[in-house]
């Protein structure tokens, strides 16, 4: 692997990566490059409280009744004023889409639970459970060798 860095204050910033195939590492590099100013916190709203939530403590983001919520490690659901697709574009690589309405923090998943119907649930450290869609589980299985 070759790494080149040219520092020139007069040129437009551009990052080009020539790779043999897309891997989880390449996905993480892409997300880091495209984050541009994203912090490790996001504001969450609960009743009359506004709290800065640490991304590493958020179990997952879910959509309920057309509103996006962050499920925090204390099992409280904080309203997040961003759409799921906006979050997906800006979150670090340990966040993965697990259904149309949920993005999970991969580092907070303790186990996967298979139901009799064949559905798979993600069980988080706090005990919170979220269903993984079959399509997303197939992709996660392929990507991570589950």
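The values are calculated or read from the model by the stated rules, or taken from the named source; none is laboratory data. This is a predicted model, so every value here is computed, not measured. Here Cβ is always computed from backbone atoms with ideal geometry, including for glycine, and neighbour counts include all displayed protein chains.
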(message) Just the residues that are surrounded by fewer than 17 Cβ atoms within 10 Å (Cβ to Cβ) and in a strand (DSSP E or B), please, taken from the range 103-113.
(response) 110, 111, 112, 113
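In contact with a helix residue (DSSP H, G or I) (Cβ under 9 Å, 6 or more places away or on another chain), more than 23 Å from residue 25 (Cα to Cα), modelled with pLDDT of 90 or more and surrounded by fewer than 16 Cβ atoms within 10 Å (Cβ to Cβ), is that true of residue 100?
It is true that residue 100 is in contact with a helix residue (DSSP H, G or I) (Cβ under 9 Å, 6 or more places away or on another chain), more than 23 Å from residue 25 (Cα to Cα), modelled with pLDDT of 90 or more and surrounded by fewer than 16 Cβ atoms within 10 Å (Cβ to Cβ).
Taking the stated definitions as given, is residue 61 touching a helix residue (DSSP H, G or I) at 6+ places or on another chain (Cβ under 6 Å) and in contact (Cβ under 8 Å) with a residue 12 or more places away in the chain?
Taking the combined requirement at face value, the residue satisfies it.
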(message) I'm checking my understanding of the structure. Among residues of the range 114-142 that are in a loop (DSSP other than H, G, I, E, B) and at negative phi, which one is surrounded by the most Cβ atoms within 10 Å (Cβ to Cβ)?
(response) 128
(request) Select from the range 79-95 the residues that are surrounded by 20 or more Cβ atoms within 10 Å (Cβ to Cβ) and in contact with a strand residue (DSSP E or B) (Cβ under 6 Å, 6 or more places away or on another chain) and list them in ascending order. (result) 80, 95
